[in-house]
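The values are calculated or read from the model by the stated rules, or taken from the named source; none is laboratory data. Given the structure is predicted, the values throughout are model-derived calculations rather than measurements. We place every Cβ from the backbone using ideal geometry, glycine too, and count neighbours over all the protein chains shown.
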Amino acid sequence: MKRIKLISLLATVVLLFSVNQSNACTNFLITKGASVDGSTMISYAADSHVLYGELYYTPGQKYAEGAMKDIYEWDTGKYLGQIEQVSETYTVIGNMNEHQVAIGETTYGGLSQLGHQKGAIMDYGSLIYTTLQRAKSARHAIKTMTQLVEKYGYYSVGESFSISDKDEAWILELIGKGEGEKGAVWVARMIPDGYISAHANQARITTFPQEGNKSAISSEHIDDIFNKGVTTVYAKDVISFARKNNLYKGKDKNFSFSDTYAPITFGGARFCEVRVWAMFREVNKDMDKYEDYVSGHNLKNRMPLWIKPDRKISVQDMFFFMRNHLEGTSLDMTKDMGAGAFHNPYRWRPLTWKVDGQTYCNERATATQQTGFSFVIQSRNWLPDHIGGINWFSVDDAASTVYTPIYCGTLEAPEAYAEKNGDLGHFSNESAFWAFNQVSNLAYTRYSEIHPIIEKVQKSIEDKNVAYVPAIDEAALMLLKTNPEMAQQFITDFSVNNANKLVKEWKSLYEFLFVKFVDGNIKKTKGREFIQNENNRGILASPDQPGYGDAWYKKIVNETGDHFKVIGDTH
């Protein structure tokens, strides 16, 4: 019994390290009672070194009886099999459908023996996008997802899903049953209104209400999920399966999903929960008491699944949360030696390394260089669905990108963000992904000088778009009264044209930054105009050459002693 648990725990650690280096995602969940405008919001960063950033678009359609749907693994493109198609699907743009339902995810892995299931068809990505085509609400999505894995098997490792609609936000945590048994065990919990939650590659649901409590039901009564009094739903065998496999021996009431199926480790705290903490501490003054936990030094001091923020949260706050590098904490990535002379809060992989047999790590902040795409999705219950849902979408590193508004009723993806406009192996000069990568990768070379310029432009564009949205809403509502088709075309034109224009602006920004900072010099500018010398005959003023800064020069001397010391006349 003890040996089985030890092997399971070691397997979890190994799997956690591998998962965190390939599927390093972050989700923040905001209930309507916790937001400034009464919208529900979820965010998602799809962080992977092999994921190309693009905006998926799948129009809804009707199917004949007996139609089948091919399923391909989202991460690899591997064909997994077929499932029965439904008679009608809904339009999906990105991770949001036409009914304002949105789904995000983070991979936590969990016990490795539960990560493989022969003959399974539904991987986590296909589960998301298939469900978005079929669900009209968050509750409907939970029922759809759990029934799909029960019927067709679960192909992936442990996942946490964020599921929202215009009224509610839920967390669903799910893990397969391993070889020999089809399906998954899972728990879903609704975030109480007025509260916020988050997850980032570590299972976070511990104990939960069970049947006997009027707010909880098992999957045996899954149709009761549409009862608004139900706020917890779980697989009927989530505890019995653990008992059968010698994973749990305690009382039912003390059963913890996370502690059983994805025990917390140093990596789970330092690499995953730290992202949750970084966001929580921005809006709750009591979160610093968990710093010992997220630094990996006190794994018993776990954070709650949800907290009540000290203030209401805006969509701009969500953009800010997605750009965090642990600034202002003891783990601030701009402060340690790895930041270099220009305070760069990025560390190239691998995440861990060894010196004299001892393992060390980089920090793993929310904003990261390998983000394929990220979003902040708003669902707004006071507006018709096509107008109410907004996918604030971006590609590449969240800290150096711009979130552009895409209405969920939009009829096409903007060309610059559309699928098949370039890929990781083929540069496209018309692609948003490559345009934003050009700017961010240039910034990494001299971060403290270049990023503030990016940040200023970024904020200006996003603030302008946030200000535009109410006017676009109002105009679309007016058109809706007389011409619904024109109203939908109007929000499409705004979403598409605005996004394509943004990419052109960003390409122009890259050209300016490249010229300004070429060869390690910093040319003098006024706005985006380059300043000429005093003769004003087309020759630029002498550039600034600030070097590496006093603090970095002192580090060099401390490490090298007199090696670079100049002796005698330097002329």
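Details
- If you go through the stretch 522-545 and keep only what is at negative phi, surrounded by fewer than 13 Cβ atoms within 10 Å (Cβ to Cβ) and within 40 Å of the chain's Cα centre (by Cα), you end up with 526, 529, 544, 545.
- Hey, residue 455 under 26 Å from residue 324 (Cα atoms) and surrounded by 14 or more Cβ atoms within 10 Å (Cβ to Cβ) or not: yes
- Only listed residue being modelled with pLDDT of 95 or more, within 27 Å of residue 464 (Cβ to Cβ) and in contact with a Lys or Arg (Cβ under 8 Å, 6 or more places away or on another chain), chosen from 512, 494, 490: 512
- Verdict on residue 385 being modelled with pLDDT of 95 or more and either at positive phi or surrounded by fewer than 24 Cβ atoms within 10 Å (Cβ to Cβ) (or both): yes
- Summed over the stretch 515-546, the residues that are assigned to a loop (DSSP other than H, G, I, E, B), farther than 19 Å from residue 454 by Cα and free of Cβ contacts under 8 Å to residues at least 24 places away in the same chain give a count of 11.
- Filtering the stretch 361-414 to residues that are among the polar types (S, T, N, Q), under 11 Å from the mean Cα position of the chain (by Cα) and not in a strand (DSSP E or B) leaves 366, 368.
- Taking each residue of the stretch 201-222 that is hydroxyl-bearing (Ser, Thr, Tyr) and looking for partners that are crowded, with 21+ Cβ neighbours inside 10 Å and in a helix (DSSP H, G or I) with beta-carbon atoms closer than 6 Å, six or more apart or interchain, yields 206/258.
- For the stretch 234-244, a residue qualifies if it is out of contact with any strand residue (DSSP E or B) (no Cβ under 8 Å at 6 or more places or on another chain) and crowded, with 18+ Cβ neighbours inside 10 Å, and exactly one does: 239.
- Qualifying residue in the stretch 139-148 (condition: assigned by TED's automatic domain parsing to the domain that holds residue 294, basic (Lys, Arg) and either over 17 Å from residue 102 (Cβ atoms) or part of a loop (DSSP other than H, G, I, E, B) (or both)): no
- Single match in 180, 153, 194 (criterion: surrounded by fewer than 23 Cβ atoms within 10 Å (Cβ to Cβ) and within 22 Å of the chain's Cα centre (by Cα)): 194
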